Structures are given as C-alpha cells and as structure tokens.
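Participant: The structure follows.
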Amino acid sequence: MSDQLNTLCHVGIIMDGNGRWANQRGQARTDGHAQGAKNTLEIIKAALDKNITHLSLYAFSTENWKRPEAEIKSLMAIFDDYLENEILYFLRRGVRFQAIGNLSKLSTKTRFLIQNAQRISKKNTKMVLNLAISYGGHDEIIRAIQKMASQQINLSQLDQATLESFLDTQNSPPVDLIIRTSGEKRLSNFLVWQAAYAEYYFTDILWPQFDRTEFLKAIENYQQRQRRFGDIHRETRLDSEQTI
C-alpha cells in the first residue's frame, strides 16, 4: 500500500450519543454531555499522540438550538468551562484553537473566551483544533458567499480555492476521515464541503465510551483503505506501481 494513502492529516468527529448514554443509566442528558466532554479531552490527547495535525469536533450544530433551553444552557456552561480551564493544557502542547460556526448566536462570555483562546494559541503549530459550535455546513457555505459578496469578489469567476479561503476551516486541509459514534450513519450537515472525498468510520459505541482504543481502531481501519478520489483507475494503477 502506498504511503500516500496512509497519510492522515485531518480527522473530523461527530460526537454522538451523550443523551443515549445518560438515558441507559437513568441519568439526566446533561450528565451525558458532561461525561462526553471529559471523553473529548482524552481523544484530543490521543490525536496529539498520533501526530494528527488537524482535528475537527462537532460539538453543537445550528439545529441544536431547537433543543430545550435547560439543555442548551448546560451545554454552553460546559463549553465555557472547557475554554476557561481545560484548553490551557492543550495550548501548552502546541494546539492552535479555532472555533468554527455562526458564533454570533453565542453569548458575549463564550465569544470572549473563544477569541482569547484563538489569540493566545495563534502561533501554535502542533495541531489545529476546530471546535464546531453553532455550526452547520450549509450555513457555513452561505456565510462564505455573503463574505465574498461584501468584499465584492467577482462570483462569475469563482473557483474552488477562493471559496475555500472564505470557509471557517480555511486553515485546515480537506478532511481525510470522518468518525461518527452511536450507530448513526449520516453526515448531519458536518463539513459538507470539506468532506467531499473523506473516508467514513461508523461505530455503535456511544461517544462517552469511545475511548483511546476505539479511536486508534478507527485510524487503523482508515490506514488499511485505498483512497481513489473518484478515479476508477487509481486502484489498478497503484497496484501496478507497487509491483515495479
């Protein structure tokens, strides 16, 4: 297998199953989100150990604003705590933090904490950590077009590179691998542009139980694949190259 096929730069994770984890234990959904947040820290550490350079985590979607107000407040409190306390550990390890999404809907405090984390980590180069909060792939593309229009970009000459430079993930390459926990098998409006040629890994394990071992299993599964990027002749050509 070609080394090029084994390259894993950008991993996206749809962290699903916190509520079901809590329901199975007779606990409140907020307890599931708290446990999921603890697990998120462990997976970030595992990604750093595997030298993954870009990690995008789907934390809160544009559709999640429709959830009960009490649950939303609990989630936002978890985000604020993470940004105030836990993020410092990763910043010291060379992580560049970046929030992606429609941040205008967030509270003043949360936006301040995001801006502060982005400011103090902007020179870090070990890994870019994209936290998708108030995020939707369709919304991201619409906002990118609106920004281009406000800057009077000639849309009749729009190309892929220009559009990508206006996306929230402009500092990250295309996604190589999307992981989704909890047994659901859909993208749910996550990085719809960036994941055009991504590989997918689905597992029935709920997010609070998706530990380092399971994460490494997903990476190993990815590394056993051959990516063709829409080229039906790629696999045959690569097999021929390896026999030379």
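Participant: I'd like the residue in region 195-231 that is open to solvent by 30 Å² or more (accessible area, probe 1.4 Å) and basic (Lys, Arg) and, out of all such residues, is farthest from residue 20 (Cα to Cα).
Facilitator: Among those residues, the one meeting the criterion is 228.
Participant: Would it be correct to say that residue 85 is over 17 Å from the mean Cα position of the chain (by Cα), of a type outside the set (D, E, K, R) and under 23 Å from residue 41 (Cα atoms)?
Facilitator: When the stated conditions are applied, residue 85 passes them.
Participant: Also, quick follow-up: Which one of the conditions (1) modelled with pLDDT of 95 or more; (2) outside any loop (DSSP other than H, G, I, E, B); (3) open to solvent by 70 Å² or more (accessible area, probe 1.4 Å) does residue 139 fail to meet, given that it meets all the rest?
Facilitator: Against the list (1) modelled with pLDDT of 95 or more; (2) outside any loop (DSSP other than H, G, I, E, B); (3) open to solvent by 70 Å² or more (accessible area, probe 1.4 Å), residue 139 comes up short only on (3).
Participant: Under the condition of being under 23 Å from residue 75 (Cα atoms) and in contact (Cβ under 8 Å) with a residue 60 or more places away in the chain, which residue from region 86-131 is surrounded by the most Cβ atoms within 10 Å (Cβ to Cβ)?
Facilitator: In this case the residue turns out to be 130.
Participant: May I pose another question? Any idea how many residues of region 144-159 are surrounded by fewer than 19 Cβ atoms within 10 Å (Cβ to Cβ) and either under 27 Å from residue 47 (Cβ atoms) or of a type in the set (S, T, N, Q) (or both)?
Facilitator: 7
Participant: Identify, by number, the condition in (1) in contact (Cβ under 8 Å) with a residue 60 or more places away in the chain; (2) more than 16 Å from residue 203 (Cβ to Cβ); (3) open to solvent by less than 30 Å² (accessible area, probe 1.4 Å) that residue 41 doesn't meet.
Facilitator: Every listed condition holds for residue 41 apart from (1).
Participant: Turning to a different aspect of this structure: Sort out which residues of region 149-185 are over 30 Å from residue 209 (Cβ atoms) and of a type in the set (Asp, Glu), and write them in order of number.
Facilitator: Those that are over 30 Å from residue 209 (Cβ atoms) and of a type in the set (Asp, Glu): 159, 164.
Participant: For residue 57, only one of the following conditions fails: (1) open to solvent by 10 Å² or more (accessible area, probe 1.4 Å); (2) at negative phi. What is its number?
Facilitator: All conditions pass for residue 57, except number (1).
Participant: Hey, another quick one. If you scan region 160-175, which residues turn out to be assigned to a loop (DSSP other than H, G, I, E, B) and open to solvent by 80 Å² or more (accessible area, probe 1.4 Å)?
Facilitator: Correct list: 170, 174.
Participant: Here are some conditions: (1) at pLDDT 95 or above; (2) in a loop (DSSP other than H, G, I, E, B). Residue 178 meets all but one. Which one does it not meet?
Facilitator: (2)
The values are calculated or read from the model by the stated rules, or taken from the named source; none is laboratory data. In this text, all values refer to a predicted model and were calculated from it rather than measured experimentally. Here the Cβ is made from the backbone with ideal geometry for all residues, glycine too, and neighbour counts use every protein chain on show. Please note that ligands, DNA and RNA were not included when accessible areas were found on the heavy atoms of the full protein model with its side chains. Shrake-Rupley method; radii C 1.70, N 1.55, O 1.52, S 1.80 Å.
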